[in-house]
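Everything below concerns the one structure shown next.
The values are calculated or read from the model by the stated rules, or taken from the named source; none is laboratory data. Nothing here was measured: the structure is a model prediction, and the numbers come from that model. Here the Cβ is made from the backbone with ideal geometry for all residues, glycine too, and neighbour counts use every protein chain on show.
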């Protein structure tokens, strides 16, 4: 991740036009925040933040897991299971030793060029703009450091604050689909949002293509750019499902497939009519 001293320059550089630039408030007040991978040494602070926030987390995450504060041993074991699984990358936003929020990177089933981001902010740090800042940092880290072409969010339809953050930052609303959602405020409908890197932004504008049709396209690479004019390749690699901007009809329902056991309580086990599989190996 870029050093703190270069953070303002990176955020204000027009290269990162896929997300909203840092505000002056963020530059002035969040310059000492550090986004880094969680380790077992963070277990105590992680437990404190999670127990402080369990009621809010139960709104849209596993209601059984977050029904009450957890003792340190069970919280530590859960964190270690996530770290050892290597299925997800879990990051923390810190101010000194204090944990402000959590972000997780999940793999996608339909593309190796993107990832799904899940995040939450500590209860005592809410309403300070930290959620917006955290998602910006997670998105930039995914594209700048992890070299993903795009990032994806799945947000419950009723979770209006998170949807507003996604829109504010620059995520595009791709689709809504029915799902067996969890949490006390679960609506049964998920909204999928995506944010694309600047190469896809450029190609979409230059060749008059939809951004989502370019996430797998080999023309992404400069040496294969001529393939952007190849109708067969364009048809083969285009996004095969309806998206909101097309004002297409409702996605046809499909029989849900059995879901594997999830590795973290932040990623719900879903049965949906979306044609996109939720997890790998489905």
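The C-beta contact set for region 238-249 (first residue in the same structural domain as residue 211 (by TED's automatic domain parsing) and under 16 Å from residue 214 (Cα atoms), second residue surrounded by 13 or more Cβ atoms within 10 Å (Cβ to Cβ) and at pLDDT 50 or above, distance under 6 angstrom, 6+ apart or interchain) comprises 238/213; 239/212; 239/213; 243/174; 243/175. Among the residues that make up region 124-135, is at least one of them at positive phi and surrounded by fewer than 20 Cβ atoms within 10 Å (Cβ to Cβ)? Yes, some residue in region 124-135 is at positive phi and surrounded by fewer than 20 Cβ atoms within 10 Å (Cβ to Cβ). Of the residues making up region 223-237, just one is within 27 Å of the chain's Cα centre (by Cα) and loosely packed, with under 15 Cβ neighbours inside 10 Å, namely 236. A residue that is free of Cβ contacts under 8 Å to residues at least 24 places away in the same chain, surrounded by 16 or more Cβ atoms within 10 Å (Cβ to Cβ) and under 29 Å from residue 239 (Cβ atoms) occurs nowhere in region 93-105.
Set side by side, the residues 73, 117, 63 differ, and just one is outside the structural domain of residue 210 (by TED's automatic domain parsing) and within 30 Å of residue 199 (Cβ to Cβ), which is 117. Under the condition of being in contact with a helix residue (DSSP H, G or I) (Cβ under 6 Å, 6 or more places away or on another chain) and under 19 Å from residue 194 (Cα atoms), the residues counted in region 87-114 number 1.
Of the residues making up region 35-52, those that are buried (at least 16 other Cβ atoms within 10 Å of the Cβ) and touching a strand residue (DSSP E or B) at 6+ places or on another chain (Cβ under 7 Å) are 35, 38, 42, 45, 46, 49.
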